[in-house]
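Can you keep this structure in mind? I'll have questions shortly.
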Amino acid sequence: MHYTSQIAQRYLFSKKHISLISTLTFISIIGVTIGTALLIVVLSVLNGFFEVVKGFLLSYDPDLRLEASASATFKQNEEVLSRISALPEVTLLSPYVEGKALLTNNNEESKVIEIRGVENNTFVKFIEIENSIDAGIFDLSVRNGKPGLVISELLRQELDLSLGDEVALLSASGMRRTLTHITVPRLYRFEVRGTYTLEHIGEGAQAFIDIAAAQRLFRVRNNISGIDIKLTDSELAEDVKPGVQSSLGSGYKVSTWYDLQKPLYDVMYLEKWGAYIILMIIIIVAVLNIIGSLTMIVIQKRRDIGILISMGYTKSAIKTIFRKQGLYIGIIGCVFGGLFGLLLCWLQIKFQIIKLSTAFLIDAYPVQIQILDVALILLGSLFLCIAASWFPATKASEVQPANAVRYE
């Protein structure tokens with residue numbers, strides 16, 4: 001009973017001659033190796049793209065965002081700010097007011113854009129926008145009676161604006177008041193102080209003004225649209241969220257960075273695990289070869305199996321012999337496939353061998369190896385190989401010694 005491993009190795013890796021069985025075994029190992037390596041590479045690349053997208057989004061999105069649950073704005077409350085600031089994971093708070101407004105310039109060109117009112121000193125620490133300034137400075141203060149405005153470089157080019165130009169903003173509430181009261185629209189004038197370029201994905205604010213000016217523009221007085229919260233680590237957002245929510249009550253809605261872009265993140269996770277399932281088909285094909293090769297071994301070694309049973313080997317021991325053959329194929333394929341896949345990932349990380357076109361925001365395919373993914377791939381491949389040996393092992397245990405010897 002203690003020689004099941006030696007017998008399994010002898011049946012599987014016979015050195016006497018190259019046969020169809022040994023060829024099928026070799027093909028099975030190659031299939032498991034290629035499938036495992038491809039899975040590691042593909043999932044690592046998808047992980048890399050996820051981190052790139054997450055990085056771009058987090059350059060603008062907060063770790064946590066606090067908003068009113070039943071209205072567009074809420075009153076800025078020092079007690080609320082102090083409760084949040086008291087949490088050890090919280091490093092910075094940035095209240096804001098946002099909305100859409102019509103921007104017009106002296107050239108009589110106009111465009112409806114997204115405006116965000118922020119506190120100048122806090123906001124520059126929150127997303128480090130000063131590093132993205134193309135021209136001018138990030139200055140939203142009032143100078144010579146005019147508040148500052150910082151716009152995206154794309155918008156500046158579209159409206160043909162220059163630093164120092166005067167523009168006017170008219171909010172939706174101002175337009176509505178003009179139509180309902182038949183009055184002259186009240187325009188709020190700003191001076192273009194700077195332009196910026198943020199490589200964030202999706203829509204965002206196209207212009208920034210001071211939060212007090214935004215409150216006047218959108219007629220919300222002392223109210224704010226929300227509070228952006230920065231943590232010591234963005235990965236703590238899900239852990240901190242329940243505490244913030246419970247301390248503030250149901251009147252507020254707390255969203256993590258994942259919640260803010262949930263559809264996009266969900267699609268990326270779906271692509272990742274969809275690729276995992278699809279690429280597992282390669283390993284399943286190899287598994288079919290394992291079934292074929294082990295079944296042929298059972299047929300070829302029918303007499304030997306009968307003799308082993310006559311010597312006292314139980315059905316369980318016979319099953320163990322053939323299950324170990326599937327285990328050995330799986331171990332060899334997983335080890336070589338895992339090493340090969342990790343090597344390819346390392347080469348891409350180190351030397352950026354496969355490049356992307358210049359239209360992308362990054363130069364080469366990003367790669368991030370996650371230990372959990374590698375473990376799931378290796379365990380999944382190994383499980384399929386062991387499962388493939390179940391049918392041949394069952395057939396081998398059903399061999400009758402007398403019939404086996406008579407057959408020979």
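Per DSSP H run of at least 4 residues, take -39500 (n - 2.57); add these up for the chain, divide by its residues and hand me the 222 nm value, nearest 500 deg cm²/dmol. Write down the numbers at each step before the final one.
On the way: 15 runs with 222 residues, N = 408.
Only helices count here, giving -18000 deg cm²/dmol.
What aspartates and glutamates does residue 75 reach when the alpha-carbon gap must be under 20 Å and sequence neighbours fewer than 8 apart in one chain are set aside?
Leaving aside aspartates and glutamates fewer than 8 places away in the same chain, those within reach of residue 75 are 67, 98, 119, 210, 228.
Using a Förster distance of 51 angstrom, determine the FRET efficiency expected from the C-beta separation of residue 343 and residue 110, and round it to 0.05. Each step should come with its number before you reach the end.
Details: r = 57 Å, r/R0 = 1.12.
E between residue 343 and residue 110, to the nearest 0.05, is 0.35.
Relative contact order of segment 64-259: what whole-number percent is it, with Cα pairs under 8 angstrom and at least 6 residues apart? Can you show the working numbers first?
Details: 383 pairs, mean separation 72.7, N = 196.
About 37 percent, as a whole number.
Now a separate question. Distance between the C-alpha centers of segment 102-172 and segment 75-93? Whole Å please.
28 Å
Where does the longest stretch of the chain lie that holds no chymotrypsin sites (Phe, Trp or Tyr not before Pro) found in a DSSP loop with 14 or fewer other Cβ atoms within 10 Å? If you can, show how the numbers build up before the last one.
Numbers: sites that count: 3, 13, 360.
Longest run free of exposed loop sites: 14-359.
Something else: Residue by residue through segment 54-65, what is 3J(HN,Hα) from phi via Karplus (6.51 cos²θ - 1.76 cosθ + 1.60, θ = phi - 60°)? Round to whole Hz and write x for glycine and proline.
In residue order, the calculated couplings are 4, x, 5, 5, 6, 5, 10, 6, x, 5, 9, 10 Hz.
Can you tell me the relative contact order of the chain? Whole percent, Cα pairs under 8 Å, sequence separation 6 or more.
RCO, the chain: 29 percent.
OK, next. Would you mind calculating the gained length between residue 246 and residue 316 on full extension (0.36 nm times residue separation, minus the Cα-Cα distance), in nm to one decimal? Let's see the in-between values first.
Details: separation 70, 0.36 × 70 = 25.20 nm, distance 5.68 nm.
Gain on extension, residue 246 to residue 316, equals 19.5 nm.
Would you mind calculating the gained length between residue 78 and residue 361 on full extension (0.36 nm times residue separation, minus the Cα-Cα distance), in nm to one decimal?
On the way: separation 283, 0.36 × 283 = 101.88 nm, distance 4.03 nm.
Length gained between residue 78 and residue 361: 97.8 nm.
Sticking with the crude label model, points 7 Å out along Cα→Cβ, report the distance from residue 233 to residue 163 in nm, one decimal please.
That separation, rounded to one decimal, is 4.1 nm.
Expressed as a whole number of Å, what is the distance separating the alpha-carbon centroids of segment 33-58 and segment 202-280?
Computed from Cα coordinates, the inter-centre distance equals 24 Å.
Which residues does the label zone of residue 5 cover in segment 294-320, counting backbone N under 16 Å from a point 7 Å along Cα→Cβ?
320
So how far apart, in nm, are the two label points at residue 304 and residue 403 if each is 7 Å from Cα heading toward Cβ?
In this crude spin-label approximation the distance works out to 2.1 nm.
Once amide H atoms are placed 1.01 Å from N in the peptide plane, what residues at a sequence separation of 5 or more from residue 226, or on another chain, have their amide H within under 5 Å of its amide H?
When sequence neighbours closer than 5 places are left aside, the close amide H contacts are 96.
For the chain, take the longest principal axis of its alpha carbons; what is the angle in degrees between that and the long axis of helix 172-181, to the nearest 10 within 0 to 90?
40 degrees
Another question, if that's okay. Just list whichever of 54/262; 146/230; 100/241; 125/146; 54/111 have alpha carbons separated by over 19 Å in the model shown.
Values: 54/262 11 Å; 146/230 31 Å; 100/241 28 Å; 125/146 24 Å; 54/111 30 Å.
Cα-Cα > 19 Å for 146/230; 100/241; 125/146; 54/111; rest within.
In 20 Å bins starting at zero, report the fraction of Cα pairs in the chain per bin as a rounded %.
21, 34, 22, 16, 6, 0
Fewest Cβ neighbours within 10 Å first, please rank 250, 22, 225 accordingly. Present the calculation step by step, with values, prior to reporting the outcome.
Values: 250 9, 22 17, 225 23.
Least to most surrounded, the residues fall as 250, 22, 225.
Sort 156, 186 so the one with the fewest other Cβ atoms within 10 Å of its own Cβ comes first.
On the way: 156 23, 186 14.
Listing 156, 186 from fewest to most nearby Cβ atoms yields 186, 156.
Same structure, new question: Test of understanding: what is the full-extension gain from residue 370 to residue 391, defined as 0.36 nm times their sequence separation minus their Cα-Cα distance? Show your work: numbers first, answer last.
On the way: separation 21, 0.36 × 21 = 7.56 nm, distance 3.39 nm.
Roughly 4.2 nm would be gained on extension.
Now, a different point. Rounded to two decimals, what ratio of Rg to Rh does segment 270-408 give with C-alpha atoms and a Kirkwood Rh? Show your work: numbers first, answer last.
On the way: Rg = 21.4 Å, Rh = 17.8 Å.
Computed over Cα atoms, the ratio is 1.20.
Evaluate the relative contact order of segment 287-408 (contact order divided by residue number), counting alpha-carbon pairs under 8 angstrom at least 6 apart; express in whole percent. Write out the running numbers ahead of the final one.
Numbers: 113 pairs, mean separation 62.1, N = 122.
Answer for segment 287-408 is 51 percent.
Next question. Tilt of helix 237-248 relative to the longest C-alpha principal axis of the chain, in degrees (0 to 90, nearest 10)?
Rounded to the nearest ten degrees, it is 50.
If I build a Gaussian network model for the chain, linking alpha-carbon pairs within less than 10 angstrom, which residue out of 119, 51, 158 has the largest mean-square fluctuation?
Of 119, 51, 158, the Gaussian network model singles out 158 as fluctuating most.
Could you name the aspartates and glutamates whose alpha carbon sits less than 13 Å from that of residue 319, not counting residues in the same chain fewer than 8 places away?
Correct list for residue 319: 398.
Now for a different question. Among the lysines, select those whose C-alpha is under 17 Å from the C-alpha of residue 324, and discard any that sit fewer than 8 residues away in the same chain.
Once the sequence-local lysines are set aside, what remains near residue 324 is 301, 315, 395.
Of all alpha-carbon pairs in segment 64-259, indicate the percentage at a distance above 30 angstrom. Please report the intermediate quantities before stating the final value.
On the way: 4616 of 19110 pairs.
Distances greater than 30 Å cover 24 percent of the Cα pairs.
Could you tell me which trypsin sites (Lys or Arg not before Pro) in segment 11-117 are loop residues by DSSP with no more than 13 other beta carbons within 10 angstrom of their beta carbon?
15, 16
Laboratory data are not the source of any read-out in this text; all were calculated from the coordinates shown. This one's a predicted model, so the numbers in the text were calculated from it and none came from an experiment. Note: ideal-geometry Cβ built from the backbone for every residue, glycine included; neighbour counts use all protein chains shown.
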